[in-house]
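**Q** Here it is, the structure, as structure tokens.
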Amino acid sequence: MAIDLNLRVSGQAGQGVDTLGTLLAEVLHADGLHLFTHQDYMSRIRGGHNYYQLRIADQPLTAAREKLDLIVALDERGLQEDWPVAGPRPVVLVDGEFEQSEGLKLRVPWARLAEEAGDARYANTAAAGAALAQLGHPLETLLARLEATFARRGPEVVAGNQQAARAGYAFHLEHFSRMLPLHAPVLPPHGQLLLSGVEAIALAALAGGVQFYSGYPMTPTTGILTYLAQHADGQDLVVEQAEDEIAAINMCLGAAYGGARAMTATSGGGFCLMVEGLALAGMTETPIVIALGQRPGPATGLPTRTEQGELWFALHAGHGEFPRLVYAPGDPTEAFELTFLALNQADKYQTPALLLYDQYLADMTATVPRPDFSGLTVDRHLATAEEIGGDYQYARYALTDSGVSPRALPGTPGAVVEVDSDEHDVHGHIIEDAETRKAMVDKRLRKSAGMRQDMLPPLLTGDAEPDLLLLGWGSTKGCLAEAAALLRQSGERVAQLHCPQLWPFPAEAMSAVLQSARRTFVIENNATGQFRGLISRETGICPDELVAKYDGQPFAPQEIVAAVRSRRREKA
């Protein structure tokens, strides 16, 4: 029997929702199941309604699912927030005595069981035991995980947590064995990773040879900063928490000028502060990678929710005209691959590269294949001795056919490396004459030809000459794939197009795909259809329909299917 279950841990901030959800995810992943998880949390330390949602299957997953099969409610009062997405017969676990259980709302006294185990703080561990019992899943991996997690706090804490887990598990089996319709058994090991979007970006930064990272904590990029700080020991890496985003990007520019591979990350409000530094990178031709995590704006907006509202901002940020690279990963695997590529391409073209993702991608975790590090090469594209020459004649901004000048580092024998934020000549000296100004602008813009040759094509999957074409970018990738599969099950000819690189834009390839479909739908998490507008501007072809969502929540595949079918009925 195929396994596809949807579990939600919900409660108030401060109740341990994330801790319990993460613990269950790690246990189920270790026991051979495939997972896709995501979170929803408010921007407050205590209170509100938060959840950690786990989709569990025996096959790889690419998206969240709408309807819930099991709810573990740490705050019973907040259950009303979960009911709109509950399935037809959802099992609900709440704290309380067995005699008070009603229907599918099952009460497990995890607070009492925790106190009996020695500490009221073990309540969530008892809840974890009860949840595994409801899933028909054995307890052994949870017990081992608790030992590994709490070993540093002493044997009493380990034993207390394990006792609470056993008690929650046993209580549930004793009282609710007839109410165990869910089935999540141990499966053979799959050998894959459980990886989040921000972990994938940070892991690629380490693999890609980042030597300097600076940033200011800001959702949804803080995870990159903390991951790199935690793993900096033993690496050729300096991690700096800057006082603000202006300092963060300028520290990176200084490090990159000195020869370090440098990276920073921020969200929309922080990127506003970085824009002058972005333009400085364009003028000085300094390679830098900026991970831009989107959330709903303007201003602070919904700081812990998701949106794809900054595509145009990423494409056009900065004063003046200079080339840039913009990538948009759709899942943790692609986040790793595109971060690594952005680092190499920024060095190759001596230009800023932006990695555009969103809160949903940042927090999602999925069971993914382990990255293959054997085929990765860190390409710094630094000047050779022949290109530098001798007698201190080196020109940092030498005019070349490609627009890319030989890049030497300060301290290189026989070379003086000069840069300037004013317009300059080939040696980096300030100029004000029109002829040199035009030559340098043309030189910088000539890089675009090479960048287009290296450009990633859009990823097209599904039926040839489809009746329906679903187009998207970024974190909608997995949702569109599953939505296309659902539509195909009802006899539709459907294709999906995902665009991993947004600038330079693959206009020619996009045009060919658009012309092959009878009807086209753009699916994106913003109000104005920014990707649809970009397609129209660059290809001259405007996709037929826009399915927009901008309430701070990600798409679900079933939601996309319903929207597409509704639009088709309207046009019929």
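**Q** Taking the Cα centre of region 31-185 as the origin and placing charges on Cβ (Lys, Arg +1; Asp, Glu -1), which of Leu93, Gln59, Leu180 is farthest toward the positive end of the dipole?
**A** Gln59
**Q** Given Cα pairs under 8 Å that are at least 6 residues apart, what percent is the relative contact order of the chain?
**A** After rounding, I find 12 percent.
**Q** Heavy atoms only, probe 1.4 Å: what % of the accessible area of region 119-186 goes to carbon and sulfur, would you let me know?
**A** So the carbon and sulfur contribution to the accessible surface is 53 percent.
**Q** Less than 13 Å apart at the alpha-carbon level, and either on another chain or at least 8 residues along: which aspartates and glutamates does that give for Lys447?
**A** Partners found: Glu285, Glu321, Asp347, Asp401.
**Q** With the contact rule set at Cα under 8 Å and sequence spacing of 6 or more, what percent relative contact order holds for region 68-191?
**A** 23
**Q** Determine, at each q value in 0.11, 0.21, 0.22, 0.24 (inverse angstroms), the log₁₀ of I(q)/I(0) that the Debye formula gives when each Cα of region 245-353 is one equal point scatterer.
**A** Calculated log10 I(q)/I(0) at the listed q: -0.32, -1.17, -1.27, -1.43.
**Q** A follow-up question, please. Which residues' amide hydrogens lie under 5 Å from the amide hydrogen of Arg407, considering only partners 5 or more residues apart or on another chain, with H built in the peptide plane?
**A** Ala383
**Q** Shifting gears a bit: For Kirkwood radius over Cα pairs in Å, pick the label among [x] 33.2; [y] 26.3; [z] 25.6 that corresponds to the value derived from the coordinates.
**A** Label [z] holds the value from this structure.
**Q** With a 1.4 Å probe and all protein chains kept in place, how much accessible area does Arg488 have, in Å² rounded to the nearest 10?
**A** 90
**Q** Where does the chain land at 222 nm, in deg cm²/dmol rounded to the nearest 500, when only DSSP H runs of n ≥ 4 count, each adding -39500 (n - 2.57), divided by all residues?
**A** -12000 deg cm²/dmol
**Q** Ok, one more. Ignoring everything but the protein chains, give the 1.4 Å probe accessible area of Trp312 in square angstrom, nearest 10.
**A** 80
**Q** Quick one: with all protein chains in place, what share of the accessible area of region 209-327 is carbon or sulfur, to the nearest percent (1.4 Å probe)?
**A** C and S atoms contribute 53 percent here.
**Q** Moving to a separate point now. So what is the orientation-averaged projected area of region 103-156, using the convex hull of its C-alpha atoms, in nm²? Don't skip to the answer; put the middle values down first.
**A** Working: hull surface 16.7 nm².
Its Cα hull, projected and averaged over all orientations, spans 4.2 nm².
**Q** Also, quick follow-up: Can you list, bin by bin at 5 Å, the percent of alpha carbon pairs in region 413-566, starting at 0?
**A** Percent of pairs per bin, in order: 2, 9, 15, 17, 14, 9, 6, 6, 6, 6, 5, 3, 1, 0.
**Q** Here's something else I'd like to know. Could you tell me what fraction of 2.2 N^0.38 Å the Cα radius of gyration of region 33-179 comes to, as a two-decimal ratio?
**A** Taking the Cα Rg and dividing by 2.2 N^0.38 Å, one obtains 1.06.
**Q** Suppose accessible area is computed on protein heavy atoms with a 1.4 Å probe; arrange Phe322, Phe313 from highest to lowest.
**A** Reading off the accessible areas and sorting them downward yields Phe313, Phe322.
**Q** Could you pull the accessible area for Ile288 with a 1.4 Å probe, rounded to 10 Å²?
**A** Approximately 0 Å² of Ile288 is accessible to the 1.4 Å probe.
**Q** Under the definition of Cα pairs under 8 Å and six or more residues apart, what whole-number percent is the relative contact order of region 1-150? All intermediate terms of the calculation are to be shown ahead of the outcome.
**A** Details: 274 pairs, mean separation 32.7, N = 150.
Averaging sequence separation for qualifying contacts and normalising by length gives 22 percent for region 1-150.
**Q** If you don't mind, there's one more thing I want to ask. Restricting attention to the alpha-carbon atoms of region 257-305, what are Rg (one decimal) and Dmax (integer), both in Å?
**A** When restricted to the Cα atoms of region 257-305, Rg and Dmax are 12.7, 38 Å.
**Q** While we're looking at this one, here's another question. Cα convex hull of region 1-115: mean projected area in nm², to one decimal?
**A** 8.1
**Q** For the chain, what is the accessible area per residue in Å², given a 1.4 Å probe and the full set of protein chains?
**A** 41
**Q** How much of the accessible area of region 21-81, in percent, comes from carbon and sulfur atoms when a 1.4 Å probe is used?
**A** 44
**Q** Between their Cα atoms, which of Lys348/Lys443; Lys477/Lys549; Lys443/Lys477; Lys67/Lys105; Lys348/Lys477 are more than 25 Å away from each other?
**A** Cα-Cα > 25 Å for Lys443/Lys477; Lys348/Lys477; rest within.
**Q** Report, in whole Å, the centroid distance computed from the Cα atoms of region 474-493 and region 170-198.
**A** About 27 Å separates the Cα centre of region 474-493 from the one of region 170-198.
**Q** Per residue Cα convex hull volume for region 200-278, in cubic angstrom?
**A** Details: hull volume 6.2 nm³, N = 79.
Taking only Cα atoms, region 200-278 has a hull volume of 79 Å³ per residue.
The values are calculated or read from the model by the stated rules, or taken from the named source; none is laboratory data. Computed from a predicted model, the values in this text were never measured in an experiment. No Cβ is skipped: glycine too gets one built from the backbone with ideal geometry, and neighbour counts run over all protein chains shown. Accessible surface is based on the protein model in full, side chains and every heavy atom, while ligands, DNA and RNA are left aside. Shrake-Rupley method; radii C 1.70, N 1.55, O 1.52, S 1.80 Å.
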